[in-house]
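In what follows, a structure is listed as structure tokens, so that the remarks can point back to it.
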Amino acid sequence: MDIDSLIQSIAIGALPVIFAITLHEAAHGYVARHFGDPTAWQMGRITLNPLRHIDPLGTILIPALLLFFTKGAFMFGYAKPVPVNFSLLRHPKQDMFWVALAGPAANLFMACCWSLMLKLAVTLPVNPFSLPLAEMSRIGIIVNCALMVLNLLPLPPLDGGRIAVSLLPHRLAWRFAKIEPWGFPILLALMFTHALEAIMLPAMGYVANFVTSIFGLH
């Protein structure tokens, strides 16, 4: 991929990537506030403004490099985590489930929205915006499916790990939560050994096929 193609790919992919990552975090803060924790709201993190959530490395550099090297086939990124004080939740263990689930649910919703945009791009009469909109929508679907599947992996501190902690009996939940300091190194090891791709790609394909089939796309 030459420099012009890279710039074009980043320009088209920037919007879906940034919103996929940042709205995921905002959803956590919104649901946490609903269940009694105002921490994210007090810090101004329950907002659709992506600038409040962007992490220069995780939201910009890593997705851009992956977009370049994989041509959009595999995406990974993260925003600044929204602060959640689980002790302030009205029912900490039960409410943790909904706070953690909010992020992946937001990604599923956005994948459906981008599927609708892709349907419009291929249905409306051909115009100068058809191809860029279709490509932007394709990236939006891939990125949101990837973030949804990644965050549902049962590995603390990912959302799937939080969900597992909320569902396990107290003693098992406490032991499982102790894995959290090792969660990110484990994730990096899975990524560099390509085990993460082997786990995620089939699940991503299933979710992407599901959301696009809603709008009659294949």
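Each reported figure results from applying straightforward, stated rules to the coordinates on display, with no laboratory input. Note that this is a predicted model, so its numbers are computed, not measured. Cβ placement follows ideal geometry from the backbone for every residue including glycine, while neighbour counts extend to all protein chains displayed.
With n ≥ 4 as the cut-off for DSSP H runs, can you work out [θ] at 222 nm for the chain, using -39500 (n - 2.57) per run divided by the number of residues, rounded to the nearest 500? Can you show the working numbers first?
Values: 9 runs with 149 residues, N = 218.
Roughly -23000 deg cm²/dmol at 222 nm, from the helical runs in the chain.
Applying the Karplus relation 6.51 cos²θ - 1.76 cosθ + 1.60 with θ = phi - 60° to the range 16-28 yields 3J(HN,Hα) values of x, 5, 5, 6, 4, 6, 6, 5, 4, 5, 4, 4, 4 Hz, where x marks Gly and Pro.
Ranking H28, H170, H34, H218 by Cβ neighbours within 10 Å, fewest first, what do you get?
Least to most surrounded, the residues fall as H218, H170, H34, H28.
Exposure proxy ranking for W174, W114, based on other Cβ atoms within 10 angstrom of each Cβ and starting from the fewest, stands as W174, W114. By the count of neighbouring beta-carbon atoms within 10 Å, fewest first, S166, S137, S130 end up ordered S130, S166, S137. Between C145, G36, P104, the Cα set farthest toward the positive side of the dipole of the chain (charges on each charged residue's Cβ, about the Cα centre) is that of G36.
Would you mind finding the longest exposed-site-free stretch of the chain, with exposed trypsin sites (Lys or Arg not before Pro) meaning DSSP loop and at most 10 other Cβ atoms within 10 Å? Write out the running numbers ahead of the final one.
Values: sites that count: R90, K178.
In the chain, the maximal stretch lacking such sites is 1-89.
The 3J(HN,Hα) values that the Karplus relation (6.51, -1.76, 1.60; θ = phi - 60°) gives for the range 135-149 are, in residue order, 5, 4, 5, 4, 5, x, 5, 4, 5, 5, 5, 5, 5, 5, 5 Hz. Gly and Pro appear as x. Counted residue by residue at 0.36 nm each, then reduced by the alpha carbon distance between them, the extension gain from F215 to I199 reaches 3.1 nm.
In this simple spin-label model, placing a label point 7 Å from the Cα along the Cα-to-Cβ direction at both Y206 and I179 gives a separation of 1.9 nm.
When only the Cβ of Lys, Arg, Asp and Glu is charged (+1, +1, -1, -1), the dipole of the chain relative to its Cα centre reaches about 620 debye.
What is the chain's relative contact order, in percent, from Cα pairs under 8 angstrom and six or more apart in sequence?
Worked out over the chain, it gives 21 percent.
Rg ratio for the range 161-218: its Cα radius of gyration over 2.2 N^0.38 Å, N being its residue count, equals 1.57.
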